[in-house]
Each structure stands twice: as structure tokens, then as C-alpha cells.
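Visitor: Here it is, the structure in full.
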Amino acid sequence: MARADFTPADRGELYIGGQWRPARGGGSIAVEDPFTEQVVAHVPAGTPADVDEAVAAAKSAFEPWAALAPSARAEHLSRLHQSLANRSDEIATTVTGELGTPIKVSHRVQTGLPLTVLDGYIRLAKETAQEGEIGNSLILREPIGVVGAITPWNYPLHQVMAKVAAALAAGCTVVLKPSELTPLVAYLLFDAVHEAGLPPGVVNLVPGTGPEVGQAIAGHSDVDMVSFTGSTATGRRISHLAADRIAKVSLELGGKSANVILDDADLARAVKTGVGNAFLNAGQTCTAWTRMLVPAAQYEQACELAVQAAKAYAMGDPFDETTRLGPLVSATQRDRVHGFVQRGRAEGATLLTPDDVPDRGYFVAPTVLADVDPKSTVAQEEIFGPVLAVIPFGDDDEAVAIANDSRYGLAGAVWSGDPDRALAVAKRLRTGAVDVNGGAFNPLAPFGGYKQSGLGRELGVFGLEEFQQVKAVQR
Ligand code: NDP
């Protein structure tokens, strides 16, 4: 796919109750291409009045959708999968255009992963038992109701799919607010929803800003559950709003994950894979291993290997097949990341990599920082850019202590020549996922955070159960 294939049109409508219709307010949101720095399209800025209508549509669609046999819901989702798969190239192009993900990664991750997730929920809807027994009680798994889904820009279709596919499979109905920075791919999803003929009101789209539309969803009295992915600060705000009516909240929040490389590991492989993980999607990945922990005796060698690996991350037009590091999503995000790098240097970190970037586009160069104090800002805050902090440790106990010295706990990695030793360290990490010796991402495994990285789990059967509640019927 080439840049010439990215020709987005303005989208003037919202999708509510199975129909495209104009927003109540007259405002619009400009969508920018972060490489050209040009506005490429507009979408409506939804309002709380639009949220009211979308929630009413989801509420009236709930009972019949929940009453369908799970296999019937799976059939609807299969048609959606087909409609989306037919749009694969357009999805990849759109995410590359509005977010800046290199086109190869867009195909594999931004398009392939959400299709895989949807496929998984089609199978789980058919296979997962909705009933069980405990003594004289019949245990029923029932959908929670109307779900408000609020999603960020970094994996704009995947984050939506992890919520929408699971909620629909469970029998819930949904009102979605995608990120204002990357709304165009959500429009492709709703084109597919419409084409697939999902029952009206089962899933609704209200684009807009967080403070207007997101807040109206999170605080709506008829929204039974809010499923949110984004920053910890916004997650906290949403929790407060939902707490007023005791509505369930599931949160996928930030991370500051540690890549622990033990002294018997294959250092070259661990560093190269670790750099790749930290720089995936220009570092705009909540699970990114942004702290590389290496034995003090191998520190210099690890830093050299990291610098070498960073050199391979060629910056450029994300539509160019040779580009490995695209721009960040916005000028704001670029400036935020630069601010962190400056702060890191002011707090004593050494910049090991060049910081020159292309003339246009919101780039941050692939950045490796050495001599990073584990307590310093760059070792504690989620930066969300291509910035890797390399930190030395003495022994396994110290590595675990540094890894766990974070208010986050989303992901992580351990490398060792001895699988038992690696597993022993993995078990001590206070984090929702750990990859041992490069273990592959599993889209059916539970995904979510310890500590301030979140509440609840997404993906696979754990993600399905998040949208259900249980009833006990005594007989
Ligand atoms: P936010 O958490 O603000 O955005 C995530 C979503 O929440 C967006 O849809 C946003 O809307 C919405 N939102 C914002 N404010 C509210 C509100 N008051 N009520 C309801 N919804 C709201 O993240 P940012 O985009 O501002 O990114 C800032 C930082 O957050 C990043 O630098 C990164 O560190 C972190 N982040 C982490 C992510 C993760 O997956 N862990 C994902 C995204 C960001 P809007 O469209 O207006 O932005």
C-alpha cells in the first residue's frame, strides 16, 4: 500500500440505532496525518445529547440481543468478521495515515490482531458454557447490560475490538467513543457493522472529545459498565464518575514494564528483542518494556548492543516499506516525550543515541538512555515514545526489587539460560504478564494490569467474563 492509497473523506455522521445520522451539535474534529502534519479529514464532535440517544438505542437493543443464543450472536459476529476482513488493506492504510504506524506493522498488528481477536470471540461465544451447577444452585452467566467503551489512539482498532467483540459475544450492547486523534478506523468498523446487518442499537458510535463525550458516557445513569483503555489519570476520573452509581469499571491503563536480563541469558538476543519491543509503534504501546535491567558486569556491552539495535530503526514516511519508526501521533505527544528525555538528562541520565529527526513529521529519534537512576522520572513515568532506559543490577533479588519499584504492573520479560530460574523470577514480578525468553504474545491469554495499570482483564475467556455477571438460582 502506498501513500496515494490514503485518501480519507470527511465523515459527517454518527452511528446510532443502526443508522448513520448527523450529530446534534455543529462541531467537528480535524484528523491530522502525523507525518505530513496536514489535516486529512473531519469527523463530528459528538455531544452529551448524542450520548443520551446512543445509550437509549443500546438500552432498547439489550434485551433481544441478550436473549439470542450465543451461537446466534456468533453468526452476527462472523458476518462482521467477513465485512472487516474485506477492508483489511483500507484498515492498514487508515491506521498508518492517522497514527503513523509503519505500514508493515499496520498490516500485521493494527489489522491482523483485531481480526484474530474477533475470530477468537466468535469461537468463544459458541464454546463457553453459560450455565453450571453448585449443589442445588443453577449458576447463570448473564450479560452485564449497556457498556460504554472509551478507547485510545495507539492501537485504535485493536483496543476497540478487545472491548466490542467481547461485550457483544457476552450479550451486552455498546456505545463506543474512539480517540479523537484516530477516529477514522472506527468509521471503517462501523461501515462493516452496517454491512453485516447487526441488529439496530447493538453497537453505536459517538466520536468526540474525552471531556464531552467520554465523560457523558462514563457518568450516564443507563450505562451499566464502563470499559476504558488509556492513561491512569483519565482512568481514575472515569472510576470516580462510575462510582457514583456503583457501575462496574474495567481499566487498561499505563505501564512501565521491566525487561529483566539475567547473567546467564543470551544477551545479544535479549537486548535486540527488548529494543524492538520498546520501539514498537514508536513506543506508543502500553506493554512496552521501557526499562531494560541488565547485570552490572554486562552493562557496557548491553548499552552498546542497544545502541546498535536502535540504529536499525530507520525513521521516515510510514508508508515506505523500509521505515521502522514512524512519527508519534501528535505534536503534543512528541513534545511530551521530548520533555521526558530532557528531564531524564537533567536528572543524570546519559543520552547514547543521536537525536536528529526528519524535517517533517512528529518524530522522536530512537532513544537509549544509560546511567538511569531507578527512582528518576524516566524510570518511573510512562513516556509513550521510543525511549529506552537501561538500568544495571547486582543480583536477581535486586533485579526483582527494581522491576517491582513502580506504581505500574502491566507487562514484563525475563531472560535466562535456565528456564526454571527465569520462571522463578517471572513469578516474583508484580505484573499482569511476563514473557520468558521471548515467549510470543497470546491473544487468548488474559491481558491486564496489577497495581495502577488497571482493573479487570481483556482478551480470551477472561475478557468475555468481564462483561458478564453471575446469578444463582436455587432449586
Ligand atoms: P487519555 O487517557 O486522555 O485518552 C484515552 C481516551 O480517554 C480517549 O478516548 C480520550 O478522549 C478519553 N478521555 C480523555 N479524558 C476523558 C474524560 N475526562 N472522561 C472520559 N474520557 C476521557 O490519554 P491521552 O490521549 O491524553 O494520552 C496521554 C498519555 O496517556 C500518553 O502519553 C500515555 O502515557 C498514556 N496513554 C496510555 C495508553 C495505554 O494504552 N496505556 C493509551 C493512551 C494513552 P480524547 O479522544 O479526547 O483524547
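Visitor: Taking the alpha carbon gyration tensor of the chain, what are the square roots of 5 times its eigenvalues, largest first, to the nearest whole Å?
Guide: Each semi-axis is √(5λ); the values are 37, 27, 19 Å.
Visitor: Measuring from a point 7 Å past the Cα of A30 along Cα-to-C-beta, which residues in the range 86-110 have an amide N at less than 17 Å?
Guide: Inside the label zone: 98-99.
Visitor: May I ask you to derive the relative contact order of the chain, considering only C-alpha pairs under 8 Å and at least 6 residues apart, and to give it as an integer percent?
Guide: Relative contact order, the chain: 18 percent.
Visitor: Further, regarding this structure: For D52, what is the net charge nearby, where nearby means another residue's Cβ is under 13 Å from its Cβ and Lys, Arg count +1, Asp, Glu -1?
Guide: Summing Lys and Arg as +1 and Asp and Glu as -1 gives -2.
Visitor: Further, regarding this structure: Just how large is the dipole of the chain about the Cα centre, in debye to the nearest 20, putting +1 at every Lys and Arg Cβ and -1 at every Asp and Glu Cβ?
Guide: 840
Visitor: Rounded if a/c is under 1.5, else prolate if a/b is larger than b/c, else oblate: which is the range 291-392, with a ≥ b ≥ c the root eigenvalues of its Cα gyration tensor?
Guide: Here the range 291-392 falls in the oblate category.
Visitor: May I ask you to derive the relative contact order of the range 99-256, considering only C-alpha pairs under 8 Å and at least 6 residues apart, and to give it as an integer percent?
Guide: In percent, rounded to a whole number, it is 22.
Visitor: Could you point to the residue in T101, A9, V357 farthest towards the positive end of the chain's charge dipole, with +1 and -1 charges on the Cβ of Lys/Arg and Asp/Glu respectively?
Guide: A9
Visitor: If packing is taken as the average number of other Cβ atoms within 10 Å across a peptide's residues, how do 464-473, 443-452, 401-410, 323-332 rank, most packed first?
Guide: The densest-packed peptide leads the list: 323-332, 401-410, 443-452, 464-473.
Visitor: Here is a follow-up. Can you compute the helix-only [θ] at 222 nm over the chain? Use -39500 (n - 2.57) per DSSP H run of at least 4 residues, normalise by all residues, nearest 500 deg cm²/dmol.
Guide: Computed ellipticity for the chain at 222 nm equals -11500 deg cm²/dmol.
Visitor: Separate question: Give me the net charge of R345's neighbourhood, meaning all other residues with Cβ under 13 Å from the Cβ of R345; Lys, Arg count +1, Asp, Glu -1.
Guide: -3
Visitor: Tell me the net charge near S376. Cut-off is 15 Å between Cβ atoms, S376 excluded, with +1 for each Lys or Arg and -1 for each Asp or Glu.
Guide: 0
Visitor: Applying a 10 Å radius around every beta-carbon, put 312-322, 238-248 in order of their mean neighbour count, most first.
Guide: Going by the mean number of other Cβ atoms within 10 Å, highest first, we get 312-322, 238-248.
Visitor: Quick one: dipole size for the range 120-234, taken about the Cα centre, charges +1 on Lys/Arg Cβ and -1 on Asp/Glu Cβ, in debye to the nearest 20.
Guide: That gives the range 120-234 a dipole magnitude of about 200 debye.
Visitor: Another question about this same structure. What dipole magnitude, in Debye to the nearest 20, does the range 304-408 give about its Cα centre under +1 on Lys/Arg Cβ and -1 on Asp/Glu Cβ?
Guide: For this selection, approximately 420 debye.
Visitor: If one computes the Cα centroid of the range 108-171 and of the range 236-252, what distance in Å separates the two points?
Guide: 20
Visitor: If you count, for each residue, the other Cβ atoms within 10 Å and average over each peptide, how do 420-433, 98-111 line up from highest to lowest?
Guide: In decreasing order of mean packing, 420-433, 98-111 become 98-111, 420-433.
Visitor: Rounded if a/c is under 1.5, else prolate if a/b is larger than b/c, else oblate: which is the range 1-123, with a ≥ b ≥ c the root eigenvalues of its Cα gyration tensor?
Guide: Oblate shape, in that a/c is at least 1.5 and b/c is the bigger or equal ratio.
Visitor: Also, quick follow-up: Only loop residues by DSSP count here, and only those with at most 15 other Cβ atoms within 10 Å; note down the GluC sites (Glu not before Pro) in the range 229-304 that meet that.
Guide: Taking the range 229-304 and a limit of 15 other Cβ atoms within 10 Å, no loop GluC sites (Glu not before Pro) are found.
Visitor: What shape does the range 366-458 take by its C-alpha gyration tensor, where a ≥ b ≥ c are the square roots of the eigenvalues and a/c under 1.5 counts as rounded, a/b above b/c as prolate, and the rest as oblate?
Guide: Here the range 366-458 falls in the oblate category.
Taken together, the values in this text are just the output of simple stated rules run on the coordinates, not laboratory data. Please read all numbers here as calculations on a predicted model, not as lab measurements. Heads up, the Cβs are rebuilt from the backbone with ideal geometry, glycines too, and the neighbour counts pull from every protein chain shown.
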